[in-house]
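**Student:** Got a structure for you, questions after.
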Ligand SMILES: [Fe+2]
């Protein structure tokens, strides 16, 4: 039925979508050189499941107390360029200003057939990320959960209250807030399946947030 003029809006409405979550991805410049760098390091790394997580996925020994990037200078440079660009994209630094300094922890995740990564967040840091150093193009997915937990109670917004699946192929770097929950599905049905990714936690120096106070 046609709407009568009195039932029509005179002015088109505006919808403002509030509180976005930044999710950054890019391809690094030279994935072949970084793969070579990684494969030279690989024989020196020992992988195992963590007892507290059970048979989920393997990490390199002392994963959370080392910085793998110390042994991978090519990747460290690629990661740094992307971290600096992330800061530009979120409006924290200008393109031509001094690069920000940070501390970083990084570790390797090894996914064999049948492994998966349970949903988790990262701990006490400012920014997290992952680089897919060796993976097959058709199998690498990572899922993010929407962070606004109260939306779980809102049926009207159920089409927005979903996980976000990102195809994370070899050569891609992803950067996101550490509180954004993520995981990867079980790797199934592929012979000789093995995937390596390198994860990062960044902590920026105190001088960058001096003067910043928790808003109330
Ligand atoms: Fe993670």
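The values are calculated or read from the model by the stated rules, or taken from the named source; none is laboratory data. Bear in mind the structure is a predicted one, so any value in this text is a computation, not a measurement. Virtual Cβ from ideal backbone geometry, glycine too; neighbours counted across all protein chains shown.
**Student:** Condition first: in contact with a helix residue (DSSP H, G or I) (Cβ under 8 Å, 6 or more places away or on another chain) and part of a loop (DSSP other than H, G, I, E, B). Now tell me which residues in region 13-24 satisfy that. Spell out how you get there, then give the answer.
**Tutor:** Going through region 13-24, the residues in contact with a helix residue (DSSP H, G or I) (Cβ under 8 Å, 6 or more places away or on another chain) turn out to be 22, 24.
Residue satisfying the conditions is 22 alone.
**Student:** Failed condition for residue 103, given (1) away from the ligand (no atom under 16 Å from the Cβ); (2) not in a strand (DSSP E or B), with all others met?
**Tutor:** Failed condition: (2).
**Student:** Considering only residues of region 106-123 that are within 14 Å of the ligand (Cβ to nearest atom), surrounded by fewer than 19 Cβ atoms within 10 Å (Cβ to Cβ) and at pLDDT below 90, which is nearest to residue 82 (Cα to Cα)?
**Tutor:** Per the criteria, the residue is 123.
**Student:** I'm trying to understand the selection: among the residues of region 86-104, which are more than 15 Å from residue 203 (Cα to Cα) and free of Cβ contacts under 8 Å to residues at least 60 places away in the same chain?
**Tutor:** Keep residues of region 86-104 that are more than 15 Å from residue 203 (Cα to Cα), which gives 88-91, 93-98.
Result: 88, 91, 93, 94, 95, 96, 97, 98.
**Student:** Within region 196-207, take every residue that is surrounded by fewer than 16 Cβ atoms within 10 Å (Cβ to Cβ) and modelled with pLDDT of 90 or more and give me the one that is nearest to the ligand (Cβ to nearest atom). Before the answer, list the steps.
**Tutor:** Taking region 196-207 as the starting set, the residues that turn out to be surrounded by fewer than 16 Cβ atoms within 10 Å (Cβ to Cβ) are 203, 205-207.
Next, only the ones that are modelled with pLDDT of 90 or more stay: 203, 205.
Values: 203: 16, 205: 23 Å.
The qualifying residue nearest to the ligand (Cβ to nearest atom) is 203.
**Student:** Here is a follow-up. Taking the criterion of being modelled with pLDDT of 90 or more and either surrounded by 15 or more Cβ atoms within 10 Å (Cβ to Cβ) or under 19 Å from the mean Cα position of the chain (by Cα) (or both), would at least one residue in region 184-195 satisfy it? Steps first, please.
**Tutor:** Within region 184-195, the subset modelled with pLDDT of 90 or more is none.
Among the residues of region 184-195, not one is modelled with pLDDT of 90 or more and either surrounded by 15 or more Cβ atoms within 10 Å (Cβ to Cβ) or under 19 Å from the mean Cα position of the chain (by Cα) (or both), which makes the answer no.
**Student:** Here's a follow-up. For region 126-142, enumerate the residues that are buried (at least 17 other Cβ atoms within 10 Å of the Cβ) and part of a strand (DSSP E or B).
**Tutor:** Residues satisfying the conditions are 127, 128, 129, 130, 131, 132, 133, 134, 142.
**Student:** Here is a further query. Anything in region 14-37 that is free of Cβ contacts under 8 Å to residues at least 40 places away in the same chain and exposed (fewer than 10 other Cβ atoms within 10 Å of the Cβ)? List them, or say none. Give the steps one after another, and end with the answer.
**Tutor:** We begin by selecting, within region 14-37, every residue free of Cβ contacts under 8 Å to residues at least 40 places away in the same chain; these are 14-18, 20, 32, 36-37.
Selection gives 14, 15, 16, 17, 18, 20, 32.
**Student:** Sticking with this one: Taking the stated definitions as given, is residue 181 surrounded by fewer than 18 Cβ atoms within 10 Å (Cβ to Cβ), within 14 Å of the ligand (Cβ to nearest atom) and more than 20 Å from residue 108 (Cβ to Cβ)?
**Tutor:** Judged against the criteria, residue 181 is a match.
**Student:** Residues being surrounded by fewer than 16 Cβ atoms within 10 Å (Cβ to Cβ), out of contact with any helix residue (DSSP H, G or I) (no Cβ under 8 Å at 6 or more places or on another chain) and outside any loop (DSSP other than H, G, I, E, B): count how many of those fall in region 144-165.
**Tutor:** 8
**Student:** A further question on this structure: Considering only residues that are at pLDDT below 90, within 16 Å of the ligand (Cβ to nearest atom) and under 25 Å from residue 35 (Cα atoms), which ones fall in region 124-163?
**Tutor:** 135, 140, 141 - these are the residues of region 124-163 that are at pLDDT below 90, within 16 Å of the ligand (Cβ to nearest atom) and under 25 Å from residue 35 (Cα atoms).
Here is a yes/no grid of residues against (1) more than 17 Å from the chain's Cα centre (by Cα); (2) farther than 22 Å from residue 172 by Cβ; (3) assigned to a helix (DSSP H, G or I):
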| position | (1), (2), (3) |
| --- | --- |
| 11 | yes, yes, no |
| 26 | no, no, no |
| 37 | yes, no, yes |
| 54 | yes, yes, no |
| 69 | no, no, yes |
| 84 | no, no, yes |
